[in-house]
Amino acid sequence: MTVYNKDTSFEEIDGNYIFAKKTQAGWDAIYIGEGDLKTRTQDSEHLKCANLNWFTHFHVQTNQDEAKRKEEEADLVGGNPECLAENGGCNNTTVG
């Protein structure tokens with residue numbers, strides 16, 4: 001994945017993304033998703049939650065294969081439980 005400042009605007013291309021927060025220990029995933037990067041990274045609901053959780057960067061990987069994106073999303077969520085709402089993050093479920 002490539003790291004971008006939170007003010008970055010993306011083209012209409014599909015991929016996986018993470019709203020992340022830089023910490024002294026590294027990175028915390030606040031929200032993990034997949035889909036059209038231009039639309040999904042500017043979704044007002046997720047941006048509001050991410051901003052309330054002090055997100056600083058996007059981590060992005062382009063991927064045109066929907067099945068592989070969904071598989072990667074599930075893997076990322078599973079490996080970053082801090083992104084789940086029950087743990088203070090913005091993902092409502094383990095599938096995005």
Does at least one position in the stretch 29-49 carry a residue that is touching a Phe, Trp or Tyr at 6+ places or on another chain (Cβ under 6 Å) and assigned to a loop (DSSP other than H, G, I, E, B)?
yes
Tell me, yes or no, whether the stretch 33-42 has at least one residue that is surrounded by fewer than 18 Cβ atoms within 10 Å (Cβ to Cβ), closer than 13 Å to Lys6 by Cβ and free of Cβ contacts under 8 Å to residues at least 60 places away in the same chain.
yes
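How many of the residues making up the stretch 59-96 are among the acidic types (Asp, Glu) and without any contact (Cβ under 8 Å) to a residue 12 or more places away in the chain?
4
Filter the stretch 64-96 for residues that are among the polar types (S, T, N, Q) and either surrounded by fewer than 17 Cβ atoms within 10 Å (Cβ to Cβ) or not in a loop (DSSP other than H, G, I, E, B) (or both) and give the result. Walk me through how you get there before you give the answer.
Start the filter on the stretch 64-96 by keeping residues that are among the polar types (S, T, N, Q), which leaves 64, 80, 87, 91-94.
Scanning the stretch 64-96 gives Gln64, Asn87, Asn91, Asn92, Thr93, Thr94.
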Out of everything in the stretch 50-63 that is closer than 20 Å to Glu86 by Cα and not in a loop (DSSP other than H, G, I, E, B), what residue ends up being nearest to the chain's Cα centre (by Cα)?
Ala50
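So which of Thr8, Thr56 ends up being farther than 16 Å from Gly89 by Cβ and touching a residue at least 12 places away in the same chain (Cβ under 8 Å)?
Values: Thr56 fails: farther than 16 Å from Gly89 by Cβ.
Just a single option satisfies the conditions, and that option is Thr8.
Just checking, does the stretch 4-16 include any residue being assigned to a loop (DSSP other than H, G, I, E, B), among the polar types (S, T, N, Q) and more than 13 Å from the chain's Cα centre (by Cα)?
Start the filter on the stretch 4-16 by keeping residues that are assigned to a loop (DSSP other than H, G, I, E, B), which leaves 6-13.
Those still in the list that are among the polar types (S, T, N, Q) too: 8-9.
Okay, now just the ones that are also more than 13 Å from the chain's Cα centre (by Cα), so 8-9.
Looking through the stretch 4-16, at least one residue is assigned to a loop (DSSP other than H, G, I, E, B), among the polar types (S, T, N, Q) and more than 13 Å from the chain's Cα centre (by Cα).
Read-outs: derived from the displayed coordinates by stated rules, not from any lab. Since the structure is predicted, the reported quantities are computational estimates derived from the model, not experimental observations. Counting neighbours? That spans all protein chains shown, and the Cβs are built from the backbone with ideal geometry, glycine included.
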